[in-house]
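Coordinate-derived values only; no laboratory data. In this text the structure is predicted, and so the values were computed from the model without any measurement. Quick reminder, even Gly has a Cβ in these numbers, built from the backbone with ideal geometry, and neighbours come from all protein chains shown.
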Amino acid sequence: MRILAISGSPIRDGNTETALRAILEGAQARGATTRFVRLYELRIEPCDACGACVSSGRCMIEDAATPILAQIEAADGLIFGSPVYWNAVSGPMKHLIDRTYYAAHARQLAGKRFAVVLVQHSSGADDALGTFRCFADEQRCAMLEPVVVNTADRPGVVAGDRDLLQRLRALGERLASQAAS
Ligand SMILES: Cc1cc2nc3c(=O)[nH]c(=O)nc-3n(C[C@H](O)[C@H](O)[C@H](O)COP(=O)(O)O)c2cc1C
């Protein structure tokens, strides 16, 4: 089973990434093959609303998102992690989600398990969650209970919280188990 984690944080080894890696550890413990993608290393163009994807079943823009979209299609389970920026997911995460518009029509992502992590100073995750929930609804993915982390802008919050790390690993195990079924 293949589990793909996608980070929408610019901070290497920051709280978002640490949380995603803990989820992947749990999935690996259940035998999953895992991949990790850092969106801030890529240049992902925004959806230009050309509308051609509705009939073609694919995004017409060819860029760094193209192989990521293929990996999303190939995965059994997805994990999206993002810091909360202005009560929303980060820009690159939003660009990627917009670029999956093609898949909603032909339901190419239907049935995948979907876990999400939002990392915030203290507020706004509820609004940001709306984007992830909308993705899950439109793509017919089965969303697991979301994880929200409050950092007060401190680095190492996730790495220093053993209970949270355990919860994240358990989520990964569940994701991998459910993705297998
Ligand atoms: C541009 C920007 C906007 C932000 N907006 C919010 C916000 O709306 N609510 C909040 O609680 N934190 C906000 N933050 C703080 C980050 O969510 C917080 O630092 C979080 O820990 C970042 O995740 P990371 O530790 O993985 O980098 C913002 C930070 C930046 C850089």
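Distance in nm between label sites at A170 and A88, each 7 Å beyond Cα in the beta-carbon direction? Distance between the two pseudo-spin positions: 3.4 nm. Distant-in-sequence amide contacts of C47, defined by a placed amide H-H separation under 5 Å and a gap of 5 or more residues or a different chain, comprise R99.
Taking the number of Cβ atoms within 10 Å of each Cβ as an exposure proxy, the fewest-first ranking of V54, V149 is V54, V149.
First check a/c for segment 89-168, with a ≥ b ≥ c the square roots of the eigenvalues of its C-alpha gyration tensor; if it is under 1.5, answer rounded, and if not, answer prolate when a/b is larger than b/c or oblate otherwise. Prolate, since a/c reaches 1.5 and a/b exceeds b/c.
Please work out, to two decimal places, the log10 of the ratio I(q)/I(0) at q = 0.19 Å⁻¹ from a Debye calculation in which every Cα of segment 20-159 carries one identical scatterer. Once normalised to I(0) and log-transformed, intensities are -1.23.
The string of couplings for segment 131-146 from the Karplus curve (6.51, -1.76, 1.60, θ = phi - 60°) is 5, 5, 5, 5, 4, 4, 5, 5, 8, 6, 8, 9, 8, 7, 4, x Hz, one whole number per residue in order, with x for Gly and Pro.
Annotation: amide H-H contacts under 5 Å for V37 (H modelled 1.01 Å from N, sequence separation of 5 or more, or interchain): A5, I6, S7. Mean residue ellipticity at 222 nm from the helices of the chain, using -39,500 (n - 2.57) per DSSP H segment of n ≥ 4 over the full residue count, to the nearest 500 deg cm²/dmol? Helix contribution divided over all residues of the chain: -13000 deg cm²/dmol.
One decimal place: the segment Y101-S123 gains 5.1 nm when fully extended, by the rule 0.36 nm per residue minus the C-alpha distance. 3J(HN,Hα) along segment 164-173, derived from phi through the Karplus expression 6.51 cos²θ - 1.76 cosθ + 1.60 where θ = phi - 60°, amounts to 5, 4, 5, 4, 5, 5, 5, 5, x, 5 Hz, with x in place of Gly and Pro. Between D163 and I11, the C-beta separation translates, for a Förster distance of 22 Å, into a calculated FRET efficiency of about 0.50. Taking the average, over residues, of other Cβ atoms within 10 Å as the packing measure, peptides 86-99, 160-173 rank 86-99, 160-173 from highest down.
Proximity of backbone amide H atoms, modeled 1.01 Å from N, is registered between V149 and L118, V119, Q120 at under 5 Å, excluding neighbours fewer than 5 places apart on the same chain. Taking the chain as a Gaussian network, where each spring joins two C-alpha atoms under 10 Å apart, which residue of S55, S82, S123 fluctuates the most? Of the options given, S55 has the highest mean-square fluctuation. Backbone geometry of segment 152-160 corresponds, through the Karplus equation with coefficients 6.51, -1.76 and 1.60 at θ = phi - 60°, to 3J(HN,Hα) couplings of 6, 6, 8, x, x, 5, 5, 4, x Hz, x marking Gly and Pro.
Annotation for R58 and A70: the two label points, set 7 Å from Cα along the Cα-Cβ direction, are 0.9 nm apart.
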